[in-house]
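Enquirer: Input: one structure, supplied below.
The values are calculated or read from the model by the stated rules, or taken from the named source; none is laboratory data. Here the structure is a predicted model, which is why all the values come from computation and not from measurement. Glycine gets a Cβ as well: all are built from the backbone with ideal geometry, and neighbour counts include every protein chain shown.
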Amino acid sequence: MREKFSESGPATWLFLHGFLGNGSDWGRVLAAWPRGLPRPARVLTPDLPGHGATPLDAAPALSYAGWGAWLDAYLDAAQVRGPLVVVGYSLGGRVALAWAARRPERVRALALLAAHPGLTDPAQRARRAALDDRRAHAIRTQGLAAFLRAWYDQPLFALRRRPRARAALMAARARQDPAAMAAGIAGLSPGRQPPLWDALARLAPRVLYVAGRRDAKYTALARRLSRFHPPLMRIAIIGKAGHILPYDAPQTLARLLANLQLPSSNR
């Protein structure tokens, strides 16, 4: 029998945004929550270290372990005691998975949105870390605006034919602190992420993995996960969406998330 995601009683939901974002990125998803389906009893949408109103030095170290410790302190300050539903997008998903690997007893359900479990090949890890170091250098020397133009030209964002959406995102992201963004993209590079495939396998019955169909990289990863952990992990691929799922598909994403805590017989 397939394990249910839900436990009895209301849950606190923790939403972790992606690189360059902030907690307000979840507003469109929460506003689109389907009528008639249970709403989160409590919602937490923090700004990650270096993003929005949270200073970079709020975390004890610029690493996944350091940001996990920051998350522990944040939840303690918010007086969250029991298991919670954790939703993480991209960088936020990597942070969420690293935290869940250390705190599995705190996780009622885990939704990973276009988030990688970690590179395992040493050479690939080194190349990615070096690439993100170059990106950090570009932010420091050329400025955040120039970096954002190159960043959002990447195919996985699927923004080249949507100039208005691209311009709106760039305007919002340009408000971030360039020094913090440079430090974050290097220190939290996927090349420096601990590989967490084994932890993901253990958490699989509680995991929903979502990718956008226009994001070829993470669609391929979702399909790999569907083969690697059948039938425990739920996989969803959203059509007409790229990498920025909370922005591209808030209604579909809200519906998927709202069903996380429904008994399987009601799905």
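Enquirer: What pairs come out if I take residues in region 229-258 that are among the acidic types (Asp, Glu) and pair them with residues that are part of a loop (DSSP other than H, G, I, E, B) whose C-beta lies under 7 Å away, six or more apart or interchain?
Expert: Sorted first by the residue in region 229-258, then by its partner, the pairs are Asp248/Ala241; Asp248/Gly242.
Enquirer: Is region 93-103 home to any residue that is in a helix (DSSP H, G or I), of a type in the set (Gly, Ala, Ser), under 24 Å from Ser226 (Cα atoms) and out of contact with any strand residue (DSSP E or B) (no Cβ under 8 Å at 6 or more places or on another chain)? Talk me through it step by step, then tell me what you get.
Expert: We begin by selecting, within region 93-103, every residue in a helix (DSSP H, G or I); these are 93-102.
Still in the list and also of a type in the set (Gly, Ala, Ser): 93, 96, 98, 100-101.
Still in the list and also under 24 Å from Ser226 (Cα atoms): 93, 96, 98, 100-101.
So of that shortlist, the ones also out of contact with any strand residue (DSSP E or B) (no Cβ under 8 Å at 6 or more places or on another chain) come out as 98, 101.
Checked region 93-103: at least one residue is in a helix (DSSP H, G or I), of a type in the set (Gly, Ala, Ser), under 24 Å from Ser226 (Cα atoms) and out of contact with any strand residue (DSSP E or B) (no Cβ under 8 Å at 6 or more places or on another chain).
Enquirer: Here is a follow-up. Assuming Pro194 fulfils every condition listed in (1) modelled with pLDDT of 95 or more; (2) part of a helix (DSSP H, G or I); (3) of a type outside the set (A, V, I, L, M) apart from one, which condition is it?
Expert: All conditions are met except number (2).
Enquirer: While we're on this one: When both residues are 6+ apart or on different chains and their Cβ atoms are under 6 Å apart, which pairs have a first residue that lies in region 71-94 and is more than 16 Å from Arg108 (Cβ to Cβ), and a second that is in a helix (DSSP H, G or I)?
Expert: Every condition considered, the pairs that remain are Tyr89/Pro246.
Enquirer: When both residues are 6+ apart or on different chains and their Cβ atoms are under 7 Å apart, which pairs have a first residue that lies in region 143-169 and is in contact (Cβ under 8 Å) with a residue 12 or more places away in the chain and at positive phi, and a second that is assigned to a helix (DSSP H, G or I) and surrounded by fewer than 18 Cβ atoms within 10 Å (Cβ to Cβ)?
Expert: Gly143/Pro178
Enquirer: A further question on this structure: Would you mind finding the one in Leu113, Leu131 that is crowded, with 17+ Cβ neighbours inside 10 Å and in contact (Cβ under 8 Å) with a residue 60 or more places away in the chain?
Expert: Within the list Leu113, Leu131, the selection yields Leu113.
Enquirer: Same structure again: From the list Met170, Met181, which one is within 26 Å of Gly66 (Cα to Cα) and in a helix (DSSP H, G or I)?
Expert: Met181
Enquirer: For the condition surrounded by 13 or more Cβ atoms within 10 Å (Cβ to Cβ), within 22 Å of Gly242 (Cβ to Cβ), touching a His at 6+ places or on another chain (Cβ under 9 Å) and not small (Gly, Ala, Ser), what is the one hit in Leu148, Leu156, Leu169, Leu144? Explain how you work it out, then say what you get.
Expert: Details: Leu148 fails: touching a His at 6+ places or on another chain (Cβ under 9 Å); Leu169 fails: touching a His at 6+ places or on another chain (Cβ under 9 Å); Leu144 fails: touching a His at 6+ places or on another chain (Cβ under 9 Å).
Sole residue among the options that is surrounded by 13 or more Cβ atoms within 10 Å (Cβ to Cβ), within 22 Å of Gly242 (Cβ to Cβ), touching a His at 6+ places or on another chain (Cβ under 9 Å) and not small (Gly, Ala, Ser): Leu156.
Enquirer: Looking at region 21-45 only, could you name the residues that are assigned to a loop (DSSP other than H, G, I, E, B), of a type in the set (Gly, Ala, Ser) and loosely packed, with under 15 Cβ neighbours inside 10 Å?
Expert: First pass over region 21-45, keeping only residues assigned to a loop (DSSP other than H, G, I, E, B): 21-22, 32-41, 45.
Now drop any that are not of a type in the set (Gly, Ala, Ser), which leaves 21, 32, 36, 41.
Correct list: Gly36, Ala41.
Enquirer: When you scan region 246-258, do you find a residue that is farther than 19 Å from Arg28 by Cα and under 17 Å from the mean Cα position of the chain (by Cα), even just one?
Expert: No, because not a single residue in region 246-258 is farther than 19 Å from Arg28 by Cα and under 17 Å from the mean Cα position of the chain (by Cα).
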